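Engineer: Next up is a structure, given as structure tokens.
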There are 2 protein chains.
Amino acid sequence: MKNYLDLSYKPNNKDVLASYYLEGKGVSIREAANNLAGESSIDTWTDIQTLSKSIIRKLKPSVYSINGNYVKIAYPPELFEKGNMSQILSSLAGNVFGLKLVKHLRLIDIKFPKDFVKSFSGPRFGVEGIRRLTHVEKRPFVGTIIKPKLGLNEKQHANVAYEAWLGGCDLVKDDENLTNMKFNNFKKRVDVTLKMMDKAEMETGEKKLYMPNITSETLEMLKRADYVYDAGGNYVMIDILTSGFASVHTLRNNTKLPIHAHRAMHAALTKNEKEGIHMAALAKIFRLIGVDTLHIGTAMVGKMGTSIYETLDSEIEIESKRTKRHDHAFSQDWYGTKKVFAVASGGLQPLMIGKVIARMGLDVVCNFGGGIHAHPWGTRAGAVAARQALDAYMNHISLKEAAKTRIELAKAAEKWGI
Amino acid sequence: MKNYLDLSYKPNNKDVLASYYLEGKGVSIREAANNLAGESSIDTWTDIQTLSKSIIRKLKPSVYSINGNYVKIAYPPELFEKGNMSQILSSLAGNVFGLKLVKHLRLIDIKFPKDFVKSFSGPRFGVEGIRRLTHVEKRPFVGTIIKPKLGLNEKQHANVAYEAWLGGCDLVKDDENLTNMKFNNFKKRVDVTLKMMDKAEMETGEKKLYMPNITSETLEMLKRADYVYDAGGNYVMIDILTSGFASVHTLRNNTKLPIHAHRAMHAALTKNEKEGIHMAALAKIFRLIGVDTLHIGTAMVGKMGTSIYETLDSEIEIESKRTKRHDHAFSQDWYGTKKVFAVASGGLQPLMIGKVIARMGLDVVCNFGGGIHAHPWGTRAGAVAARQALDAYMNHISLKEAAKTRIELAKAAEKWGI
């Protein structure tokens with residue numbers, strides 16, 4: 001392995017930069033960082049004859065910062081294929097996790113230069129596109145995940161969706177493990193749920209969204225996306241990590257519909273603070289690839305363990321024109337890439353909505369599962385309560401005050417406390 | 001959340017079983033296990049009105065074993081879509097990793113019933129198919145990854161490949177981050193490397209294999225696979241985790257070529273013994289989907305940190321007719337699914353080959369990168385040394401004895417020690 005430490009190196013605006021948390025195993029942080037740089041680019045464990053001086057001169061990475069266990073590396077852009085996220089990750093987040101000299105490694109951030117940002121499509125709709133689609137200009141969205149996760153047949157599913165829309169939900173999404181099931185056929189579900197969506201739109205005068213879960217083998221997934229489009233649907237959803245980076249990219253290139261990204265399995269990569277990939281880096285990657293809404297947690301206590309900081313860091317990555325999370329992350333210019341709508345979800349109930357908005361802002365989709373379907377009076381009342389809580393927040397009325405005259409909200413407060 | 005603990009439950013042969021390592025956070029193992037079972041199937045954090053008794057009766061999971069921190073859950077098969085690995089993982093390895101009540105969670109194994117095994121294609125070639133393709137009947141294969149990882153142009157790449165084949169390598173593979181680069185165009189690389197492969201086959205009289213790395217957005221990846229096929233190639237390789245489960249499945253369904261699976265990024269999921277997914281479970285999943293060769297580590301010390309046990313557990317999953325790793329894993333009948341060829345790789349050099357075979361058996365591809373290209377006399381001599389070491393092993397000659405008359409092996413021994 002050659003020497004790639006160059007603490008005097010100043011990255012330029014063509015370089016791809018990566019930031020890691022690193023602990024060496026039996027070696028110094030400098031040696032571990034040097035191996036990390038080599039393995040993620042041009043080198044290997046021994047002195048290969050075929051690695052010429054001219055290749056080293058043109059393509060060598062530079063470890064330009066070591067700050068305790070935080071390491072930053074600059075890579076010549078030629079090491080990466082533009083528009084190929086899988087290749088980029090195979091380099092920067094690939095073999096390196098398994099190196100023997102590495103005790104702990106976490107990819108904190110990647111900085112993409114302009115032509116790399118431009119080589120990805122980004123969201124087709126983004127925050128503004130979704131707002132245009134629904135004519136909801138300022139307020140957060142209220143949504144629901146149909147519950148139970150599995151078990152309802154197509155008609156029951158559509159009816160629960162209808163109840164949620166009637167109660168005031170803007171959007172309904174399938175659960176992450178509901179695809180094409182024996183007891184609930186994908187096409188039939190899409191048909192009857194869209195029919196009920198039309199009915200709900202007529203009756204409420206509001207534009208509604210439905211996110212059918214098309215997660216599957218890639219070509220089957222595209223067929224399902226086409227089916228939704230042909231059936232008059234207005235959204236698709238995909239489990240981005242159990243499908244994979246390449247499939248999400250394929251979906252972005254091959255549907256005209258907005259894409260909702262569910263992040264099932266993310267915590268296996270993001271949870272341990274010394275391992276894997278930071279959720280905010282994943283959020284950045286999926287903004288580049290081009291999802292329109294992304295589940296990033298609730299920024300508060302729900303059923304999931306996602307920290308407030310992780311959610312807010314992710315939100316910065318997906319909703320800013322130019323981002324900078326903290327000292328170990330990079331500033332990133334997005335060169336006009338649209339903003340992704342943050343989705344807060346996981347153990348939320350209506351009384352929490354103000355806190356979510358206070359932390360995550362108005363560009364947020366508040367998605368309730370149990371928080372709507374466990375309302376003592378049922379799904380519609382749960383949705384009504386969620387909208388009441390939202391309206392109270394938007395009109396600067398306290399929940400206690402609002403609950404005095406709004407019986408669904410009062411009932412929810414009785415169950416969950418204000 | 002309902003009660004899913006049923007330690008008297010006896011799984012039947014239709015159930016899908018999952019085995020986990022689990023630590024609760026602030027709750028008992030029983031409560032954590034109950035939440036794990038509910039979240040991975042039909043339930044959520046609160047008592048939803050829409051979860052009827054008949055759904056619970058038909059679809060409820062059963063936590064049927066808790067042994068210290070090891071938990072086994074049986075799921076009715078209706079919860080899963082056959083042939084849809086992404087959906088299966090979104091259930092069994094999805095949201096559950098992020099649950100607040102879970103401190104640590106690792107998916108150790110999944111047991112698939114017959115009709116689920118049959119719903120995936122498995123390897124098109126497998127061990128026997130690859131052996132037929134090459135007329136190499138009994139001995140392990142010797143392969144090389146072209147090094148440096150990046151930097152050679154197409155012609156240089158093809159020449160290094162030629163040297164390796166001439167020296168005795170059966171197969172040559174691209175590195176995991178070499179795709180379609182500015183300095184090395186994919187199509188041109190395939191063309192010139194296949195041309196040199198033909199030449200090497202003519203000159204050695206041996207059948208040779210070339211695994212071009214087609215990792216990319218799924219449809220582009222399929223185009224690259226088609227390009228390799230049309231150019232007369234005999235193999236493709238894909239980075240299975242940075243591409244993703246759905247894309248690998250798509251490749252299996254849409255190429256007639258054997259598939260080599262490189263596992264870059266796996267350690268982010270597999271390394272921590274209390275988190276993520278066991279490598280052997282991933283190996284099982286990719287056998288089901290149908291890759292033909294799979295990188296599983298070296299079962300000895302190389303540059304990677306993969307433990308011997310992890311490699312051997314993975315090997316059991318991919319090379320057995322019926323598998324059983326240990327008490328926390330399941331016996332699995334493969335119902336005729338072909339065996340996957342284990343690839344040992346990561347810091348190997350020729351002198352190690354006997355140890356690898358002693359541990360991993362004869363159905364193994366020994367892949368050398370630096371171990372061939374860092375031979376003091378260059379790539380061809382490195383490949384010769386690897387074949388000499390293999391021949392010595394197969395003929396029960398010690399390396400010391402063999403090195404007396406084989407100068408390339410002796411030179412390698414001088415560098416790395418016997």
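Bear in mind that the values in this text are calculations on the coordinates, not laboratory data. Fair warning: this is a prediction, and the values are worked out from it, not measured in the lab. Glycine gets a Cβ as well: all are built from the backbone with ideal geometry, and neighbour counts include every protein chain shown.
Engineer: Placing a label point 7 Å from Cα toward Cβ, how far apart in nm is A:TRP416 from its equivalents in the other copies, listed shortest first to one decimal?
Structural biologist: Values, ascending and in nm: 6.0.
Engineer: Measuring nothing but label to label, 7 Å from Cα along Cα→Cβ, what are A:ASN13's distances to the other copies in nm, shortest first?
Structural biologist: List, nearest first: 6.7 nm.
Engineer: May I pose another question? Out of residues 5 or more away from B:GLU81 or on other chains, whose amide H comes under 5 Å of its own, with H placed 1.01 Å from N in the peptide plane?
Structural biologist: Those qualifying (amide H under 5 Å, at least 5 residues apart or on another chain) are B:ILE88.
Engineer: To continue, here is another question. Calculate, for A:GLU31 and B:GLU401, the FRET efficiency according to 1/(1 + (r/R0)^6) with r their C-beta to C-beta distance and R0 30 Å; round to the nearest 0.05. Intermediate results must be reported in sequence, preceding the final value.
Structural biologist: Details: r = 37 Å, r/R0 = 1.22.
With R0 = 30 Å, the Cβ-Cβ based efficiency is 0.25.
Engineer: How much length, in nm to one decimal, is gained on full extension between A:LYS207 and A:LYS155, taken as 0.36 nm per residue of separation minus their Cα-Cα distance? All intermediate terms of the calculation are to be shown ahead of the outcome.
Structural biologist: On the way: separation 52, 0.36 × 52 = 18.72 nm, distance 2.12 nm.
The span from A:LYS207 to A:LYS155 would gain 16.6 nm if fully extended.
Engineer: Summing Lys, Arg as +1 and Asp, Glu as -1, what charge do residues with Cβ under 12 Å from the Cβ of B:PHE112 carry, B:PHE112 excluded? Don't skip to the end; give the middle numbers.
Structural biologist: Numbers: positive: B:LYS14, B:LYS82, B:LYS111, B:LYS114, B:LYS118, B:LYS284, B:ARG287; negative: B:ASP15, B:ASP109, B:ASP115, B:GLU317, B:ASP333.
Cβ neighbours under 12 Å give a net charge of +2.
Engineer: Using only atoms on other chains, find how many Cβ atoms lie within 10 Å of each Cβ of peptide B:211-221 and report the average. Display every interim value, and only then the final one.
Structural biologist: Numbers: counts 0, 0, 2, 0, 7, 9, 16, 17, 8, 6, 5.
Mean shielding count: 6.
Engineer: Taking a ≥ b ≥ c as the square roots of the eigenvalues of the Cα gyration tensor of region A:102-182, is the shape rounded (a/c under 1.5), prolate (a/b larger than b/c) or oblate?
Structural biologist: Working: a/c = 2.73, a/b = 1.52, b/c = 1.80.
Taking the square roots of the gyration eigenvalues as a ≥ b ≥ c, region A:102-182 is oblate.
Engineer: Quick one: which residues, 5+ away or cross-chain, put their amide H under 5 Å from the amide H of B:SER65? H built at 1.01 Å from N.
Structural biologist: The list, which skips near neighbours in sequence, is B:LYS72.
Engineer: Separate question: Give the average, rounded to an integer, of partner chain Cβ atoms located within 10 angstrom of each Cβ in A:170-177.
Structural biologist: Mean shielding by partner chains, rounded to a whole number: 4.
Engineer: Which whole-Hz couplings ³J(HN,Hα) result when phi for each residue of region A:256-267 is put into the Karplus expression 6.51 cos²θ - 1.76 cosθ + 1.60, θ = phi - 60°, listed in order with x for Gly and Pro?
Structural biologist: Calculated HN-Hα couplings, in order: 8, 8, x, 10, 9, 9, 9, 9, 3, 5, 4, 5 Hz.
Engineer: Could you list B:PHE341, B:PHE141 in order of exposure, starting from the residue whose Cβ has the fewest other Cβ atoms within 10 Å?
Structural biologist: Numbers: B:PHE341 26, B:PHE141 22.
Fewest-to-most Cβ neighbours within 10 Å comes out as B:PHE141, B:PHE341.
Engineer: For the residues A:TRP334, B:TRP416, what sequence is obtained by ranking on other C-beta atoms within 10 Å, fewest first?
Structural biologist: On the way: A:TRP334 20, B:TRP416 16.
The fewest-first ordering by Cβ neighbours comes to B:TRP416, A:TRP334.
Engineer: Also: With a/c under 1.5 counting as rounded, go ahead and sort region A:16-118 into rounded, prolate or oblate using the C-alpha gyration tensor (a ≥ b ≥ c being the square roots of the eigenvalues; past the cut-off, prolate if a/b is larger than b/c, else oblate).
Structural biologist: oblate
Engineer: What are the ³J(HN,Hα) values, in whole Hz, obtained from phi via the Karplus relation 6.51 cos²θ - 1.76 cosθ + 1.60 with θ = phi - 60°, for each residue of region A:16-30 in sequence order, with x given for Gly and Pro?
Structural biologist: 8, 10, 10, 10, 10, 9, 9, 10, x, 10, x, 9, 5, 4, 5
Engineer: OK, next. Taking each residue in A:98-106, count the Cβ atoms of any other chain within 10 Å of its Cβ, then average. What number comes out? List each step's numbers first, then the result.
Structural biologist: On the way: counts 15, 6, 8, 3, 4, 2, 2, 3, 1.
Counting Cβ atoms of other protein chains within 10 Å of each residue's Cβ and averaging gives 5.
Engineer: Using a Förster radius of 56 Å, what is the FRET efficiency between B:GLU414 and A:ASP115 based on their Cβ-Cβ separation? Nearest 0.05, please. Mind showing how you got there, number by number?
Structural biologist: On the way: r = 47 Å, r/R0 = 0.84.
The calculated FRET efficiency here is 0.75.
Engineer: Grab the residue from chain A whose Cβ hugs the A-to-B rotation axis most tightly, plus its distance in whole angstrom.
Structural biologist: Measuring from each Cβ to the axis, the minimum is at A:GLY244, 0.
Engineer: Working out 0.36 nm times the residue gap between B:GLU273 and B:ASN13, then minus their Cα-Cα distance, what length gain in nm do you get to one decimal?
Structural biologist: Numbers: separation 260, 0.36 × 260 = 93.60 nm, distance 2.88 nm.
Here the answer is 90.7 nm.
Engineer: Spin-label point model (7 Å from Cα, Cβ direction): what's the A:THR134 to B:SER52 distance in nm?
Structural biologist: So the label points at A:THR134 and B:SER52 sit 3.0 nm apart.
Engineer: Shifting gears a bit: Using only the alpha-carbon atoms, how far is helix A:407-416 inclined from the longest principal axis of chain A? Give it as 0 to 90 degrees, nearest 10.
Structural biologist: In chain A, helix A:407-416 runs at an angle near 50 degrees to the longest axis.
Engineer: Sticking with this structure for a sec: Helix B:218-230 versus the longest principal axis of chain B: what angle, 0 to 90°, nearest 10, using Cα atoms?
Structural biologist: Roughly 40 degrees between the two axes.
Engineer: Using only Cα atoms, tell me the angle between helix B:308-319 and the longest principal axis of chain B; keep it within 0 to 90° and round to the nearest 10.
Structural biologist: 90 degrees
Engineer: With θ taken as phi - 60° and the coefficients 6.51, -1.76 and 1.60, list the Karplus ³J(HN,Hα) couplings across region B:136-152 in order, rounded to whole Hz; mark glycine and proline as x.
Structural biologist: Residue by residue, region B:136-152 yields 9, 8, 10, 6, x, 8, 10, x, 9, 9, 4, 10, x, 3, 9, x, 6 Hz.
Engineer: While we're looking at this one, here's another question. Let a ≥ b ≥ c be the square roots of the eigenvalues of the Cα gyration tensor of region A:126-416; is it rounded (a/c under 1.5), or, if not, prolate (a/b larger than b/c) or oblate?
Structural biologist: Numbers: a/c = 1.59, a/b = 1.10, b/c = 1.45.
It is oblate, given that a/c is not under 1.5 and a/b is not larger than b/c.
Engineer: Further question: Using modelled backbone amide H atoms (1.01 Å from N, in-plane), which distant-in-sequence or interchain residues come within less than 5 Å of B:LYS103's amide H?
Structural biologist: B:GLU23, B:GLY24, B:LYS25
Engineer: Using a 7 Å offset from Cα along the direction of the beta-carbon, what are the separations from A:LEU362 to the same position in each other copy, nm, ascending?
Structural biologist: Counterpart label points of A:LEU362 in the remaining copies fall at 7.4 nm.
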